[in-house]
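Below: one structure, written as structure tokens.
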Amino acid sequence: TDLINAAYFNWSHKPTDHWSLMAGMRFEATWFKTELVGKGLTYSYIYPDGTENLGRALFPSLYLVRRWDDGVRELQFNFSRKIQRPNHWQIMPFIMISDARNVRIGNPTLAPEMSNLAEVNHLLPFWKGKGTWLTSVFGRYTTDVITNYATPLPSDTTILLNTFINGSYSASGGWENIFKLEPVQGLQFTLSGTTQYTN
């Protein structure tokens, strides 16, 4: 049983004919309960649990857009915070046998991944409106990265115990370009490419 409750608040404003702004805040709470049928084993998970992690359940977003009079050219600045929850089998504290040399168990202390994303997009028309060039620069910083972890069993070092832990962080960024050209109606060419760095 998986239940996600959320509350949203959004605010938008257009200070001029060319600029628009939208800001938002989202609160999410997760609860689920799992049961191993026939074995009488149950486990439940609540996040955030109390007020200690309450701030980590808030997800702001901000979008700033500049539009030109031609109705096509557009410049966007975006920032948002996102959550990636662990799957139920990643946190259930029940032993699951994979094969003769591997067993798996969930980590009930596993926290969700939190990502901060920033992006700048520019859509530019060319060739008398028959083509567009979309260029994007983006960055992502993620904390508590959910990572596979394996260690020998203390009772039998020939068997690996596989579980999941929260790593420190990961950072990535990149540059993406998409060219679209429609020389005649019904015929379209698209060329795209992305350069990305991950740490």
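The values are calculated or read from the model by the stated rules, or taken from the named source; none is laboratory data. Worth saying up front: this structure is predicted, and the values here are computed from it rather than measured. Counting neighbours? That spans all protein chains shown, and the Cβs are built from the backbone with ideal geometry, glycine included. When the accessible area is computed, the model is the full protein with side chains, heavy atoms only, and any ligands, DNA or RNA have been set aside. Shrake-Rupley method; radii C 1.70, N 1.55, O 1.52, S 1.80 Å.
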Report task. Compute the semi-axes of the equivalent ellipsoid of the chain, taking the square root of 5 times each eigenvalue of the Cα gyration tensor, and list them largest first in whole Å. Result -> 44, 23, 15
Report summary line: Residue separation between residue 120 and residue 101 times 0.36 nm, minus their alpha-carbon distance, gives in nm 2.0 nm
Requested in this report: Quote the relative contact order of the chain in percent (integer), defining contacts as alpha-carbon pairs under 8 Å separated by 6+ residues.
Outcome: 14 percent
Report summary line: Using the Kirkwood radius over Cα pairs of region 103-151, the Stokes-Einstein translational diffusion coefficient at 37 °C and 0.692 mPa s, in µm²/s and rounded to a whole number, is 220 µm²/s
**Report entry** Label-point separation, residue 4 to residue 58 (7 Å along Cα→Cβ), nm
**Finding:** 2.1 nm
Query raised in the report: Rounded to the nearest 0.05, what FRET efficiency is calculated for residue 172 and residue 46 with R0 set to 25 Å and r the Cβ-Cβ distance?
Result: 0.25
**Report entry** Phi to ³J(HN,Hα) by Karplus 6.51 cos²θ - 1.76 cosθ + 1.60 over region 73-82, Hz, x for Gly, Pro
**Finding:** 5, 8, 10, 10, 10, 10, 9, 7, 10, 10
Query raised in the report: Considering only protein heavy atoms and a 1.4 Å probe, what is the carbon-and-sulfur percentage of the accessible area of region 1-134?
Result: 57 percent
**Report entry** Within-12-Å neighbourhood charge of residue 162 [Cβ basis; K, R +1; D, E -1]
**Finding:** +1
Report task. Once you have the Cα-Cα distance between residue 39 and residue 25, take 0.36 nm times their residue separation minus that, and quote the gain in nm to one decimal. Result -> 0.9 nm
Query raised in the report: How do 194, 142 rank by accessible surface area computed with a 1.4 Å probe, from largest to smallest?
Result: 194, 142
**Report entry** Kirkwood-Stokes translational diffusion coefficient of region 75-144, alpha-carbon pairs, 4 °C, 1.567 mPa s, µm²/s
**Finding:** 81 µm²/s
Query raised in the report: residue 25 accessible area, nearest 10 Å², 1.4 Å probe?
Result: 80 Å²
Query raised in the report: With each run of n ≥ 4 DSSP H residues scored as -39500 (n - 2.57), what mean residue ellipticity at 222 nm is computed for the chain after dividing by its residue count and rounding to the nearest 500 deg cm²/dmol?
Result: -500 deg cm²/dmol
Query raised in the report: Any idea of the accessible area per residue across region 81-199, 1.4 Å probe, to the nearest Å²?
Result: 62 Å²
Query raised in the report: Considering the chain as a Gaussian network with a 10 Å cut-off on Cα pairs, which listed residue, 13, 122, 88, attains the greatest mean-square fluctuation?
Result: 13
Query raised in the report: When the Kirkwood hydrodynamic radius is evaluated over all pairs of different C-alpha atoms of region 1-112, what value in angstrom, to one decimal, is obtained?
Result: 17.6 Å
